[in-house]
1. Provide a single number: the residues in segment B:98-112 that are crowded, with 16+ Cβ neighbours inside 10 Å and in contact (Cβ under 8 Å) with a residue 12 or more places away in the chain.
2. Just give me the residues in segment B:6-17 being closer than 26 Å to A:T109 by Cα and open to solvent by 60 Å² or more (accessible area, probe 1.4 Å), in sequence order.
3. Residues that are among the polar types (S, T, N, Q), surrounded by 15 or more Cβ atoms within 10 Å (Cβ to Cβ) and in contact (Cβ under 8 Å) with a residue 40 or more places away in the chain, at least 1 per element: which strands (runs of 3 or more DSSP E) completely within segment A:31-114 meet that?
4. How do the strands (runs of 3 or more DSSP E) wholly within segment B:11-112 filter down when requiring 3 or more residues that are closer than 19 Å to A:L43 by Cα: which remain?
5. Tell me, yes or no, whether segment A:5-13 has at least one residue that is in a loop (DSSP other than H, G, I, E, B), touching a strand residue (DSSP E or B) at 6+ places or on another chain (Cβ under 9 Å) and touching a residue at least 40 places away in the same chain (Cβ under 8 Å).
6. Looking at segment B:58-97, which of the residues that are of a type outside the set (A, V, I, L, M, F, W, C) and within 14 Å of another protein chain (Cβ to nearest Cβ) is most open to solvent (accessible area, probe 1.4 Å)?
7. Taking the criterion of being away from every other protein chain (no Cβ under 13 Å), of a type in the set (D, E, K, R) and assigned to a loop (DSSP other than H, G, I, E, B), would at least one residue in segment A:22-30 satisfy it?
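The values are calculated or read from the model by the stated rules, or taken from the named source; none is laboratory data. Because the structure is predicted, anything quoted here is derived from the model rather than measured. Counting neighbours? That spans all protein chains shown, and the Cβs are built from the backbone with ideal geometry, glycine included. The accessibility values were calculated without ligands, DNA or RNA, using every heavy atom of the protein model including side chains. Shrake-Rupley method; radii C 1.70, N 1.55, O 1.52, S 1.80 Å.
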Amino acid sequence: DGGITQSPKYLFRKEGQNVTLSCEQNLNHDAMYWYRQDPGQGLRLIYYSQIVNDFQKGDIAEGYSVSREKKESFPLTVTSAQKNPTAFYLCATHRGGGAVNEQFFGPGTRLTVL
Amino acid sequence: GDSVTQMEGPVTLSEEAFLTINCTYTATGYPSLFWYVQYPGEGLQLLLKATKADDKGSNKGFEATYRKETTSFHLEKGSVQVSDSAVYFCALEENRDDKIIFGKGTRLHILP
């Protein structure tokens, strides 16, 4: 059963702590993305990776970090430098290679800073 | 840069009403256009897409036509149901760079 898994679904963090959000896919897609969603602001791109061991900053990368050591995995770390991390985080994949195709989304992780 | 503008919500309709959600775009080339839907607490799902001018995407009773002359991709449905209540995002992909630009989303409420 192909798909994208994000864990955990809900995550609580104390101020000043780093936290890592998991994203795993078995679609064999090359490209992976992290978005942040806030009410009334749509989706904003944090980081994306078009190939293993390579990634680029999106529009709001400050306070976040990523790695892409395996094709299947693209974890996002929310660091203490992110001033307002409470949000809904979405991971997505794309077949890549320049073909016109949609992005596929995981179920999301809701992060709350206490 | 490229951008997508869609009508602000929330949009509230009665069941069986006709739905239109407006979407216009700005792009330097010839983008592919998408509508995504997000149900409460979930990720986004592709609803329909169109890859060239005059293409009509359709799915689950929803339709949208790629209008190059008006740079628009309006979403329509002839008779909405309560289960259509969700947030709808218009989006474009240009230059085959695998990045998609999303509008801010339109929340739709359907009343029984």
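1. Looking only at that region, the number is 10.
2. Listed by number, the residues that qualify are B:E8, B:P10.
3. Because the criterion is at least 1 residues that are among the polar types (S, T, N, Q), surrounded by 15 or more Cβ atoms within 10 Å (Cβ to Cβ) and in contact (Cβ under 8 Å) with a residue 40 or more places away in the chain, the strands (runs of 3 or more DSSP E) in segment A:31-114 that meet it are A:31-37, A:43-51, A:87-94, A:109-113.
4. B:23-26, B:32-38, B:44-50, B:86-93, B:100-102, B:106-111
5. Checked segment A:5-13: at least one residue is in a loop (DSSP other than H, G, I, E, B), touching a strand residue (DSSP E or B) at 6+ places or on another chain (Cβ under 9 Å) and touching a residue at least 40 places away in the same chain (Cβ under 8 Å).
6. Among those residues, the one meeting the criterion is B:R96.
7. Of the residues in segment A:22-30, the ones away from every other protein chain (no Cβ under 13 Å) are A:22, A:24, A:26-28.
Keeping just the survivors that are of a type in the set (D, E, K, R) gives A:24.
Checking the rest, the ones that are also assigned to a loop (DSSP other than H, G, I, E, B) come to none.
Taking every residue of segment A:22-30 in turn, none turns out to be away from every other protein chain (no Cβ under 13 Å), of a type in the set (D, E, K, R) and assigned to a loop (DSSP other than H, G, I, E, B).
Results for (1) out of contact with any strand residue (DSSP E or B) (no Cβ under 6 Å at 6 or more places or on another chain); (2) modelled with pLDDT of 95 or more, shown as yes or no for each residue.
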position: B:K56; (1), (2): no, yes
position: B:G61; (1), (2): no, yes
position: B:V80; (1), (2): no, yes
position: B:R96; (1), (2): yes, no
position: B:F102; (1), (2): no, no
